[in-house]
1. Considering every residue in A:101-109, what mean count of other chain Cβ atoms within 10 Å of its Cβ is obtained?
2. Straight-line reach from B:Lys25: which aspartates and glutamates have a Cα under 16 Å away, not including same-chain ones fewer than 8 places off?
3. Work out the charge dipole of region A:37-104 with +1 on the Cβ of Lys and Arg and -1 on the Cβ of Asp and Glu about the Cα centre, then indicate which of A:Gly53, A:Asn102, A:Tyr72 is farthest towards its positive end.
4. With springs connecting C-alpha atoms under 10 Å apart, model chain B as a Gaussian network and identify which of B:Asp39, B:Asp19, B:Asp94 has the largest mean-square fluctuation.
5. Give the relative contact order (percent, whole number) for region B:1-85; include only Cα pairs under 8 Å separated by 6+ residues.
6. For A:Arg150, list long-range residues whose amide hydrogen, built 1.01 Å from N in the peptide plane, is under 5 Å from its own amide hydrogen.
7. Straight-line reach from A:Lys42: which aspartates and glutamates have a Cα under 18 Å away, not including same-chain ones fewer than 8 places off?
8. Mind checking the mean number of beta-carbon atoms from other chains within 10 Å of the Cβ atoms in B:74-86?
Amino acid sequence: MYEIELTERRLSRREVVAAGGAAVLTAALAGLLPTMAQASPKEARTKLAELTGGAPVEDGRIVIDVPPYTKYGKQVRIAISVDSPMNEEDRVTALHVLAERNTVPEVASYHFGALAGTARISTRIRVARTQILIVAAEMSDGSFHVGKARCKVARGGGGCG
Amino acid sequence: MQYKIPEVIVPGAITPGEDILIRTKAWHPMETGWRKTRDGKTVPRNRINRFICTFNGAEVLSADFHSGVSENPYLTFHVRVPGAGVFEFEWQVDDGSILRARASVGIAGA
């Protein structure tokens, strides 16, 4: 039975040539097409790991205010606040915003100086397509807090996010 | 390239130690370098890559902008101001130009 299958599945020379041609064609197309490749969630995770540098990561303390559905991804308002007293002992030193499926996952990083008040910023970002936004807050004790929010986009950031 | 002067909204009179909201907006296209015009030419990359806010020389907030920040970057943040002084804002552009804005705050009732 097995042998019969093998003989049946043997490719003819013509088929082999055709398959090879198709492979060459796809490779050429992949090279020619503009590099509009979107970052994968894996890439964003790698970037997050790079930022945290192996420090402990916790959930919570971050509130992300982003519209769950937006028609226009080129300007999406986002407000991020971190529950922190912002005093000498406990303060946020940096906020990192990542977008999983933008062309480049990094969006922006904010570093807070000694005079910074409430850890709350609001800005406008590009969201290329429906995806999850990740915010990582670096605390003064070296730990990281990570918050996530999903944003659904009808029309993306014009291929630029 | 000539840019419009950035807009900054800072309360004029404060009480020391108060938490104030600062709103900033720079006028800039934030070109990512991936966009193409209708005739197929790539628009060269030109972004604001860094924003710095200082109060009397001490850094309050600095930000690194990547391609995900929208054009005409708008940013609000909070500052705990110890007293009267001058806020200086700086946006650094990829083409080397620097956009600046200043705002001074005074003590209320003084």
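No value in this document is a laboratory result; all are computed from the given coordinates. Because the structure is predicted, anything quoted here is derived from the model rather than measured. FYI the Cβ positions are ideal-geometry reconstructions off the backbone, even for glycines, and counts take in every protein chain you see.
1. Values: counts 0, 4, 4, 5, 3, 6, 7, 10, 5.
For peptide A:101-109, the averaged partner shielding equals 5.
2. B:Glu7, B:Asp64, B:Glu71, B:Glu88, B:Glu90
3. Most positive-ward Cα: A:Tyr72.
4. For chain B, modelled as a Gaussian network with Cα springs under 10 Å, the answer is B:Asp39.
5. On the way: 145 pairs, mean separation 30.0, N = 85.
After rounding, I find 35 percent.
6. Sorted by chain and number, the residues that satisfy this are A:Leu133.
7. Once the sequence-local aspartates and glutamates are set aside, what remains near A:Lys42 is A:Glu50, A:Glu100, A:Glu106.
8. Values: counts 5, 6, 5, 11, 10, 6, 7, 2, 1, 0, 0, 1, 0.
Across the residues of B:74-86, the mean count of other-chain Cβ atoms within 10 Å is 4.
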